[in-house]
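Chemist: Have a look at this one before I ask anything.
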Amino acid sequence: MSARGKGLDGGGTGASRTFQAPAGFRDSPEPALASGEVVASQYSTRRLLARIESGAVFEAWDMIIERTVVVKVGWRDPGAPSLVAEARRCAGVATDAAVGVFAIGNHRGAEFVVGERLVATTLRDHVGAAGPRLGVDELVRLFGRLARAVDDTHAAGFTIGDLAAETLGLVGARRVVFGRFSLGQVAAVGPTGLCLAPEVVLGQAAPTDPTAAIGIDLYGLGCLGLELALGRAPFATDSTQALLTAHARTPAPTLADYRPDLPAELGDLIGELCAKDPGRRPVSAAAVVAQLDIIGDRVAANRRGVRILIVDDDGDRVRAIWSAARRAHPRAQIDAARDGREAASKLTRDRPELVFIDAALGVAAAGMNALELVMFARGLEDAAGAALVVYGDGLGANDRGVLAQFGARLVGAGPQLATVVAELVQAASTGPRTTASRRTVSG
């Protein structure tokens, strides 16, 4: 029977229709729960989120605890699978890789599970929004999160199965939730609905074989690593059969050929995860996490420092900028000057890459003003590439125009200044050095 419930006479909708599945059945056009319907005297239904093979997923309001939750209702069709196994699976993963389960019960003859409401972005959408490819720091950090979530799931005695960019939900800056453990809020099955691990495609193992499950997840993790690095799936094909053949026979892309900016050892690890032979993959997700932790530490250690100069006679403002810069980069080297003369000396000696200048410089006390200091900095050959930021709201239109001509960035002195400081410090730490190295004198 179709989703519209055709009658025995072959009619679809309209007067000739003789049968329509009641609400709560898989083929019914009516939602399993009505808007505002109360479940278990506690959960008020708000809206339908998804209709999937295992049930209907609703957003609801917990009237006692006063929080938004998700209510998944199983289909009332004869032989429909119980939701108990799924609830136990989610509850069994005592980490952020699964949603929390709050209640389970029966409502008007249908089984239901109440759980944590997720607001997640799929990995596919995240990669698409990030542009052609992720930077080294974000890639290593995000791939480490994925590997740790897989390890947590395996440690709880479960495997994921269909590990794809569409079946991963990113929640906030740190959390990864797998679709199979989301109570239907993230897709549990990828777009092909097929297991792409080479051993499954070649018929050497079944996707449900418990002895092959960890290797299948590790292969999927490797493919996700390639996608993060390349900004696309590892194999581009025009048919499902061609995709299966590629996963079974075609060597995975070598990262060194496409991303020479990435650590070679990261490319080697992803290559091992994508090995066609399961025996050549890492022994466990825990081993992958341990290696990624080391790679991440090495990337952080190699991140260069950033030299910063703050020109301001307001001690509180200097400390606020100093604090924002220190929180943005662990190796920020910060100095301060109270007036233009002191700033000029430090510009000549230290060659800072970022210079933050009070727009009111030279107003209260005689001396070099902000515009003159910007012009002086641009005249220093070794510091010509420094980023100059003039902050404050007292500049006239003419001064603002001239400062812009010299490449100075103009911002207000309000709360947004800390955000600008953090952005510029992080950008400077990952980009090429724009000024000469600091001079040292000995002897």
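The values are calculated or read from the model by the stated rules, or taken from the named source; none is laboratory data. Computed from a predicted model, the values in this text were never measured in an experiment. All Cβ positions, glycine included, derive from the backbone under ideal geometry; neighbour counts span all protein chains shown. These accessible areas exclude ligands, DNA and RNA; they are computed on the full protein's heavy atoms, side chains included. Shrake-Rupley method; radii C 1.70, N 1.55, O 1.52, S 1.80 Å.
Chemist: Test A85 against the stated conditions and say whether it is under 22 Å from the mean Cα position of the chain (by Cα), more than 19 Å from A60 (Cα to Cα) and surrounded by fewer than 16 Cβ atoms within 10 Å (Cβ to Cβ).
Modeler: Taking the combined requirement at face value, the residue does not satisfy it.
Chemist: Another one. Filter the range 84-114 down to residues that are touching a helix residue (DSSP H, G or I) at 6+ places or on another chain (Cβ under 6 Å) and either assigned to a loop (DSSP other than H, G, I, E, B) or β-branched (V, I, T) (or both), then give me how many there are.
Modeler: Total meeting the criteria: 8.
Chemist: I want to confirm something. Restricting to the range 103-155 and keeping residues that are open to solvent by 50 Å² or more (accessible area, probe 1.4 Å) and of a type in the set (A, V, I, L, M, F, W, C), which single residue is farthest from P282 (Cα to Cα)?
Modeler: So the residue we want is I104.
Chemist: Another question, then. When you scan the range 115-160, how many residues do you find that are more than 24 Å from I104 (Cα to Cα) and part of a loop (DSSP other than H, G, I, E, B)?
Modeler: Residues in the range 115-160 being more than 24 Å from I104 (Cα to Cα) and part of a loop (DSSP other than H, G, I, E, B): 6 in total.
Chemist: Restricting to the range 183-193, name every residue that is among the aliphatic types (A, V, I, L, M) and either modelled with pLDDT of 95 or more or buried (at least 19 other Cβ atoms within 10 Å of the Cβ) (or both).
Modeler: Correct list: L183, V186, A187, A188.
Chemist: Does any residue of the range 60-67 turn out to be touching a Ser or Thr at 6+ places or on another chain (Cβ under 6 Å), open to solvent by less than 10 Å² (accessible area, probe 1.4 Å), at pLDDT below 95 and not aromatic (F, W, Y)?
Modeler: No; the residues of the range 60-67 include none that is touching a Ser or Thr at 6+ places or on another chain (Cβ under 6 Å), open to solvent by less than 10 Å² (accessible area, probe 1.4 Å), at pLDDT below 95 and not aromatic (F, W, Y).
Chemist: Same structure again: Select the helices (runs of 4 or more DSSP H) contained entirely in the range 323-414, then report the ones holding at least 2 residues which are open to solvent by less than 10 Å² (accessible area, probe 1.4 Å).
Modeler: So the answer is 340-350, 370-379.
Chemist: Hey, could you check the range 298-322 for residues that are among the β-branched types (V, I, T) and under 26 Å from G144 (Cα atoms) and say which is surrounded by the most Cβ atoms within 10 Å (Cβ to Cβ)?
Modeler: V306
Chemist: Go through the range 207-237 and report how many residues are at pLDDT below 95, aliphatic (A, V, I, L, M) and assigned to a loop (DSSP other than H, G, I, E, B).
Modeler: Total satisfying the criteria: 2.
Chemist: Failed condition for R180, given (1) open to solvent by 10 Å² or more (accessible area, probe 1.4 Å); (2) part of a loop (DSSP other than H, G, I, E, B); (3) in contact (Cβ under 8 Å) with a residue 24 or more places away in the chain, with all others met?
Modeler: Exception for R180: condition (2).
Chemist: Right, next: Being open to solvent by 10 Å² or more (accessible area, probe 1.4 Å), part of a strand (DSSP E or B) and free of Cβ contacts under 8 Å to residues at least 60 places away in the same chain is the requirement here; does W75 meet it?
Modeler: no
Chemist: With respect to the numbered conditions (1) in contact (Cβ under 8 Å) with a residue 40 or more places away in the chain; (2) closer than 30 Å to R133 by Cβ; (3) hydrophobic (A, V, I, L, M, F, W, C), which one is the sole condition not fulfilled by A301?
Modeler: Result: A301 fails condition (1) only.
Chemist: Name the single residue, out of those in the range 250-259 being touching a Leu at 6+ places or on another chain (Cβ under 9 Å) and assigned to a helix (DSSP H, G or I), that is least open to solvent (accessible area, probe 1.4 Å).
Modeler: L255
Chemist: May I ask you to verify whether V171 is surrounded by 23 or more Cβ atoms within 10 Å (Cβ to Cβ) and farther than 17 Å from R280 by Cβ?
Modeler: No, not satisfied.
Chemist: I would also like to ask the following. Within the range 26-43, track down each residue that is surrounded by 18 or more Cβ atoms within 10 Å (Cβ to Cβ), under 19 Å from L183 (Cα atoms) and among the small types (G, A, S).
Modeler: The one that is surrounded by 18 or more Cβ atoms within 10 Å (Cβ to Cβ), under 19 Å from L183 (Cα atoms) and among the small types (G, A, S): A32.
Chemist: Residues in the range 201-220: is at least one surrounded by 16 or more Cβ atoms within 10 Å (Cβ to Cβ), under 23 Å from A130 (Cβ atoms) and of a type in the set (A, V, I, L, M)?
Modeler: There is no residue in the range 201-220 that is surrounded by 16 or more Cβ atoms within 10 Å (Cβ to Cβ), under 23 Å from A130 (Cβ atoms) and of a type in the set (A, V, I, L, M).
Chemist: Still on this structure, please answer the following. Just checking, does the range 263-271 include any residue being in a loop (DSSP other than H, G, I, E, B), surrounded by fewer than 18 Cβ atoms within 10 Å (Cβ to Cβ) and free of Cβ contacts under 8 Å to residues at least 24 places away in the same chain?
Modeler: So far as the range 263-271 goes, no, none of its residues is in a loop (DSSP other than H, G, I, E, B), surrounded by fewer than 18 Cβ atoms within 10 Å (Cβ to Cβ) and free of Cβ contacts under 8 Å to residues at least 24 places away in the same chain.
Chemist: Here's a follow-up. Report the residue count in the range 247-262 for those that are within 18 Å of L228 (Cα to Cα) and without any contact (Cβ under 8 Å) to a residue 40 or more places away in the chain.
Modeler: Summing the residues that are within 18 Å of L228 (Cα to Cα) and without any contact (Cβ under 8 Å) to a residue 40 or more places away in the chain in the range 247-262 gives 9.
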